[in-house]
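Before any comments, here is the structure.
Each value in this text was obtained by applying a stated rule to the coordinates, not by laboratory testing. This one's a predicted model, so the numbers in the text were calculated from it and none came from an experiment. Note that we place each Cβ from the backbone using ideal geometry, even for glycine, and neighbour counts take in every protein chain shown.
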Amino acid sequence: MEPNGVDQPGTPRLLRAINDRTALRLLADRGPLSRSQLGALAGLSKPTASQLVDRLEAAGLVEPVVEIAPEPEVSIVAERAPGRTARRYRLRGAAAHVAGLDVTPGRILTRICDLSGRIVGTGALPTPGRSAAGAVDRVRAALAAACEPAGISAAALHHVVIGLGGAIDPATGRLGFARHLPGWHEPDLLARLRTTLTPDGAADPRVDIENDVNLAAVAEQAVGAAADARDFVVLWIADGIGAAVVIDGRLHRGATGGAGEVGYMPVPGAPLVRTIGRGTTGGFQALAGAPAVLKLARRHGFSGADASAALARAAGALRSGQPAAREAARTLLADLADRLATGLAPLVAVLDPELIVLTGAVPRAGGAVLREMTAEALHGMAIPRPRLVESAVPDNPVLAGAIHAALAATRETVFSATVPATASAASSTA
């Protein structure tokens, strides 16, 4: 190592660190691998791969998985010995833990995962009422309840990512455009979350707050419909409307975190909002948000407790209803598709994405027919013709995105410190 403490290119220590990171990422992406498999995938010799695994095991980052190969069939010519033990290695999940939270006015959902991505704890904390106090206390309680099944405390968490509706200023961490979440707007909230979640004397995890639709986009990129897309938009339609924008594979938040806040975006057919932030209604939200969709569904003869239930009835009628009901359902979905396309057209005209992912309760209830109608309407309004697809995230996309974001940051930290002190000393004398 040079006197200034910076490794120079090509030094054995640096090469070992690069190889370690490569091996750990292979184990994270592909699951258990043998020493020879790791060597082949990483382009390493067998002795180097063997030394690498020993080093990572000593650092507590990998552990062996003993598997017995199936016994071969007995031959009538000669009996063969039982299958040999095959030793493979996996990431040691207990080396780090992360948490994801999905916050709405009525509840906080929490998920705890280990370094391998395995879910080790979950929780659901009801948060009734609109009290402006206790956001930190609620997060602390939600984490404690979810950590208990895993036998760990919040102090053992490396990273916590909290998803909620609103624009988070990347410079200050302050939440805006979220009147529905009182108590989350204090200027010092993020700093308090990063310093007061655990008892005095215990380390606090790193905490980040992220827009919920942005996290849905992270999930779509990691395990969903946008895994192969570089430029895409996620449009979330439920009680509120929001969008997330990914450009050249990177989430675009905007200068103040407001990229994708399309709920009050002016659109034809909706009242123009002139006093945003004062509780007024209008814009895209007034045209295609859940309350507007419920009114539209009732106008066409489909009622329900909410917009999703009404759309589900319409979808059912379209499949197996009487001719009059099928026609009413088709008209409803066509009207809604026009509304969605009206809001999407400006985004497509400006961004020209290759893909649009529809997610949230309203697109799920409308199903493939609504998506296809929206695509047809959109392609008549905008010159670019992106593909429209349904979300492919199998579970809660906000929690999934929060966990993926937390794991990515934690693995970057853990994988960057792979050489134990003993190995470092040995490398300096090698």
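Sparsely packed loop sites in region 202-308 (the trypsin sites (Lys or Arg not before Pro) outside DSSP H, G, I, E and B with at most 11 other Cβ atoms within 10 Å) comprise Arg274, Arg278. With one equal scatterer per alpha carbon and no solvent term, the Debye-computed log10 I(q)/I(0) for region 292-334 at 0.27, 0.28, 0.31 1/Å reads -0.84, -0.89, -1.07. Labels on offer are [x] 25.9, 88; [y] 22.5, 70; [z] 21.2, 67, and the one holding Rg and Dmax of the Cα atoms in Å computed from this structure is [x].
Taking the DSSP bridge list for the chain and keeping only pairs wholly inside it, about 60 percent are antiparallel. Candidates Gly31, Leu193, Ala145 compared by Cα position along the dipole of the chain: farthest toward the positive end lies Ala145, with charges placed on Cβ. Over the residues of the chain, the helix contribution to mean residue ellipticity at 222 nm works out to -13500 deg cm²/dmol, using -39500 (n - 2.57) for each DSSP H run of at least 4. Using the Cβ-Cβ distance between Ser45 and Ile18 with R0 = 25 Å, the FRET efficiency computed as 1/(1 + (r/R0)^6) comes to roughly 0.95. Ellipsoid fit via the Cα gyration tensor, region 320-374: semi-axes of 25, 12, 8 Å, each the root of five times an eigenvalue, largest first. If the segment from Asp54 to Leu26 were pulled out straight at 0.36 nm per residue, it would be longer than the present Cα-Cα gap by 8.5 nm. The charge dipole of region 313-360, taken about its Cα centre with unit charges on the Cβ of Lys, Arg, Asp and Glu (plus for the first two, minus for the last two), comes to roughly 360 debye. Across q = 0.14, 0.17, 0.21 Å⁻¹, region 301-430 modelled as identical point scatterers on its alpha-carbon atoms has Debye log10 I(q)/I(0) values of -0.75, -0.96, -1.17, in the order of the q list.
In a GNM of the chain with a 10 Å cut-off on Cα contacts, which of Ala392, Ala337, Ala368 has the highest mean-square fluctuation? So, out of Ala392, Ala337, Ala368, the one fluctuating most is Ala368. Both numbers refer to the Cα atoms of region 226-392; Rg and Dmax are 15.7, 52 Å.
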